[in-house]
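The next block holds one structure in the form of structure tokens; read it before the comments.
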Amino acid sequence: MSLRAAALLSTLVLSGTVFAQTAAPAPDYTVSYNIGVVSDYRYRGISQSAKRPALQGGLDVAHSSGFYAGLWGSTIRWIEDSAAPSLDGKVEIDLYGGYKGALTDSVGYDLGGLFYWYPNNNLSTVTGENANTFELYGALSAGPATIKYSHAMTTLFGAANSKGSGYLDLSATFDLGNGFSVVPHVGWQRIDNFGTYRDYAITLAKDFGDGFVGSAAVVGTNWDDRFGAPATLVGSGNRDLGKSGLVLGLKKTF
């Protein structure tokens, strides 16, 4: 082999090595889907499904710049149960979007808005206000901990004169290894012209791989202590919708 041929072969081998080691560029957009079931749909500690199972699912789109958007839905019962005879409103659909960034290497932020849409609901025939609700939110995260505040720009889930209500959420996620994680949470919901209650939860989750995650959570509120009566609705009978309980869940992400 001539010196020129050997040099050319060496160049081609080295170039191939460089190409093999060069990772493909990350896509600008990522899209994920999820579907799941829970034994009880709790939101801010209060059962939305009359302490019965609920089907849930969502779609998330994220851009490499930090912008994101998505939707999420669940079966519910609280609107139908708010009066007798039952009202219309079997489904909750959440539409949201925002931006995630970093203030420092260790502190991140998340700013956005969320619209809670209850198709065909007629809660206004009882409360005078539509159940549909829009909130703006902001969050800061450092290490495993996150603090988030949500502010209602409309009345809050059909509660009369509740525009301007706010929710403060403190939570953290701790990796226990072997696919296990634990998430403690405490929150305070202020309902303008009504009062404030506290909710709490501790969730144990297990990642089984292939997108499957199971969870078990103890969830509750101090509603009874704060307002002197359990959280009940006409259609849910004597079920205390804010009482502590165990919630099981299974979700698959694609």
- Message: To make sure I understand, if each residue's beta carbon is the centre and we count other beta carbons within 10 Å, what order do 77, 239 fall in, fewest to most?
- Response: 239, 77
- Item | Gain upon complete extension [residue 248, residue 55; 0.36 nm per residue less C-alpha separation] | 68.2 nm
- So how do 105, 60 line up by other beta-carbon neighbours within 10 Å, fewest first? 105, 60
- Item | Sorted by Cβ neighbour density within 10 Å, fewest at the top, the residues 32, 82 | 32, 82
- Task: Per DSSP H run of at least 4 residues, take -39500 (n - 2.57); add these up for the chain, divide by its residues and hand me the 222 nm value, nearest 500 deg cm²/dmol.
- Result: -3000 deg cm²/dmol
- Query: Can you give me the relative contact order of the chain as a percent, contacts being Cα pairs under 8 Å and 6 or more apart?
  - Reply: 15 percent
- Item | Euclidean distance between Cα centres, segment 114-160 to segment 75-103, Å | 9 Å
- Message: Net charge within 10 Å of residue 114 by Cβ-Cβ distance, Lys/Arg positive one each and Asp/Glu negative one each, not counting residue 114 itself?
- Response: -2
- Degrees between helix 3-21 axis and first principal axis of the chain (Cα, 0 to 90, nearest 10): 10 degrees
- Message: Given points 7 Å out from each Cα along the Cα-Cβ axis, report the residue 63 to residue 106 separation in nanometres with one decimal.
- Response: 3.1 nm
- Here segment 25-35 yields Karplus 3J(HN,Hα) values (6.51, -1.76, 1.60; θ = phi - 60°; whole Hz; Gly and Pro given as x) of x, 5, x, 5, 10, 10, 10, 9, 10, 8, 9
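On alpha-carbon atoms, Rg over Rh for the chain using Kirkwood Rh?
Details: Rg = 23.8 Å, Rh = 20.8 Å.
On the Cα set of the chain, Rg over Rh gives 1.14.
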- Query: Counting pairs on different chains as well as pairs 8 or more places apart, how many Lys pairs in the chain have Cα atoms under 29 Å apart?
  - Reply: 28
- Note on the structure: Among trypsin sites (Lys or Arg not before Pro) in segment 184-222, those in a DSSP loop whose Cβ has at most 10 other Cβ atoms within 10 Å are none
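Here, each number is a calculation from the coordinates, and none is a lab measurement. Predicted model only: the values in this text are computed from it and were never measured. Note: ideal-geometry Cβ built from the backbone for every residue, glycine included; neighbour counts use all protein chains shown.
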